[in-house]
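Down below is the structure, laid out as structure tokens.
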Amino acid sequence: MTSYNVLFVDDDENILAGMRRMLRPMRHEWQMFFAGSGAEALKILAQETFHAIVTDMRMPDMDGGMLLSEVSRRHPEMVRLILSGHSESESVMRTVGPAHQFLAKPCAPQVLIDVLRRSMALRQMLGSTAMRGLLASIKNLPTPPETYFRLVQYLGDPNASFAGAANIIERDVAMTAELLKLTNSAYFALPTRLNSALQAVRVLGFEILRSLVLQVGIFQSFGGKAKEKQMMEAVNRDSFRVAHIARRIARLEAFESARIEECFCAGMLCSIGALVLLDCLPDSFTKVKAQVISGDDPIEAEMAEFGATQFQVGAYLLGLWGFNNAIVEAVAYADRPGAQPSPTLDVSAVVHVARVLAGPFPGFSLGEANDAVGRMALDMDYLNSLRAQDRLGGWMIEASQVA
């Protein structure tokens, strides 16, 4: 059984002693190390390979935000978690980039154990060590400059509304993911999961949202080449279309309201892996695009080039950021829902159908010249197993209603 190294950091010796007692049952799964300061933590990290770090926010000399920023620079592949009290909101905002997840302090033992276990389990989803390191090193995702500046301008409007801000954010994959990552963290301790930009904006309010955008830099304006920017814009438009098709199918199938919004959210985020690959590995992404246009299967081409599909990449990142299982699984299996079959039509199946009915992957097709190029195939065996194949005609009609 693989053992994982986890480092816990807190300047309070009593808290560290409590953690040792609390986590003693995990000693067969993890090798646990404890440090009383940021400086001590960095010394320990230099001597051993670690998989995760959990640090308190408020510490003298080097606080948790400063420590995680340094860990992110020196050991980008590590999972980085921060513990913080609600009175430290200003400090927490500084960790939006370097922290993967935020946990409220005091943190129940089982919550911490579950988060760490899930982070470790994610490693099984993505076989490529290099890709895992790349994804763990990501601080934020790129947004087309026009979208970023439109939001900045809008937030300066005295008549701005929550709905208006959400309308800009929800059309962008990166903005949606970053905002939901923050608001769904344990730090906010919300009774239910948020699955829409409007819900997230309402929770944060304009003051915090403006601070995140203008001071913290939660959103990153893309500064790459023009062709890559156009591709990014195409991915965002396509994602918005997938999300709306998924929502319409879910409504047609009479899903409960929370499930409907999960379908929309997962549909919007199922292309987040494509954005990551386009931003971090643009030459390889262009190579895959050329192979697909020449006739290769898009999923096979991605596996050959990256050792993973864009859906696996996206799901790993969303899991790392603490998104719920339904959304992570729907993204992970968007190309093959039958690989993790459910006895009933669920979010994964709806997102798969929506992704296929939305058309070819953006930029991976020849348009009307050959509409089959760059298009995923429906998992008909899975739909047949759900006895859902007869409903496909109705779903296609719903998809045709989305511009």
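Derivation of every value follows stated rules applied to the coordinates shown; laboratory data play no part. Treat the numbers as computed from the prediction; the structure is a model and nothing was measured. A quick note on method: Cβ atoms are made from the backbone with ideal geometry, for glycine too, and the neighbour counts reach across all protein chains shown.
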Report the FRET efficiency, 1/(1 + (r/R0)^6), for Arg74 and Leu16, where r is their Cβ-Cβ distance and R0 is 30 Å, rounded to 0.05.
0.85
Give the value in nm², to one decimal: projected area of the alpha carbon convex hull of the range 1-157, averaged over all directions.
11.1 nm²
How high is the relative contact order of the range 263-353? Use alpha-carbon pairs under 8 Å, at least six apart in sequence, and give a whole percent.
33 percent
If each DSSP helix of 4+ residues adds -39,500 (n - 2.57) and the sum is divided by the residues in the chain, what number results at 222 nm, nearest 500 deg cm²/dmol?
-16000 deg cm²/dmol
Kirkwood hydrodynamic radius of the range 226-400, from inverse mean 1/r over distinct Cα pairs, in Å:
16.1 Å
Residue by residue through the range 380-389, the couplings from Karplus 6.51 cos²θ - 1.76 cosθ + 1.60 with θ = phi - 60°, in Hz, x for Gly and Pro, are 5, 4, 5, 4, 5, 5, 8, 6, 10, 4
In terms of the ratio Rg/(2.2 N^0.38 Å) built on C-alpha atoms, what value belongs to the chain?
0.99
Using Cα springs under 10 Å in a Gaussian network model of the chain, which residue among Pro158, Pro144, Pro98 shows the largest mean-square fluctuation?
Pro158
On each of the three principal axes of the Cα atoms of the range 201-297, give max minus min coordinate, whole Å, ordered largest first.
42, 42, 15
Label point distance in nm, Gln340-Gln124, each placed 7 Å from Cα along Cα→Cβ
1.1 nm
GNM on the chain, Cα springs under 10 Å; top mean-square fluctuation among Asn140, Asn325, Asn14 goes to Asn14
Using only alpha carbon pairs under 8 Å that are at least six residues apart, calculate the relative contact order of the chain and give it in whole percent.
13 percent
With θ set to phi - 60°, apply the Karplus curve 6.51 cos²θ - 1.76 cosθ + 1.60 along the range 208-219 and write out the HN-Hα couplings as whole Hz, x wherever there is a Gly or Pro.
5, 4, 4, 4, 4, 7, 8, 10, 7, x, 4, 10
Estimated inter-spin distance, Leu214 and Phe149, nm [label 7 Å along Cα→Cβ]
1.8 nm
Taking θ = phi - 60°, what integer Hz values does the Karplus form 6.51 cos²θ - 1.76 cosθ + 1.60 yield along the range 233-238, in sequence order, with x for Gly and Pro?
4, 5, 4, 5, 4, 5
Based on Cα positions only, what radius of gyration and what Dmax would you give for the range 142-221, in angstroms?
11.7, 35
What residue among Val201, Val313, Val111 has the largest mean-square fluctuation in a Gaussian network model of the chain, using Cα springs under 10 Å?
Val111
Sorted from largest down, what three extents in whole angstroms do the Cα atoms of the range 314-354 have along their principal axes?
27, 17, 16
Fully extended, how many nm does the chain gain between Ser161 and Glu300 (0.36 nm per residue separation, minus their Cα-Cα distance)?
45.6 nm
Greater than 32 Å apart at Cα, pairs in Lys43/Lys181; Lys105/Lys225; Lys43/Lys287; Lys139/Lys289; Lys181/Lys229
Lys105/Lys225; Lys43/Lys287
Under 5 Å from the placed amide H of Gln31, counting only residues 5+ away or on other chains, we find Tyr4, Asn5, Val6
Inter-centroid distance (Cα atoms) of the range 308-343 relative to the range 9-87, Å:
29 Å
At 0.36 nm per residue, and after removing the present C-alpha to C-alpha distance, how many nm does the segment from Arg117 to Ala403 gain when stretched out fully?
98.8 nm
Please work out how much length the chain gains when fully extended from Met396 to Ala189, using 0.36 nm per residue of separation minus the C-alpha to C-alpha distance, in nm with one decimal.
70.6 nm
Straight-line reach check, Lys227, cutoff 20 Å on alpha carbons, 8 or more apart in-chain or any other chain, hits among aspartates and glutamates -> Glu146, Asp172, Asp238, Asp279, Asp283, Glu302
What nm distance separates the two modelled labels at Glu40 and Lys225, each placed 7 Å from Cα along Cα→Cβ?
5.0 nm
Using amide H atoms built in the peptide plane, which far-off residues or other-chain residues are under 5 Å from Met62 H to H?
Gly38
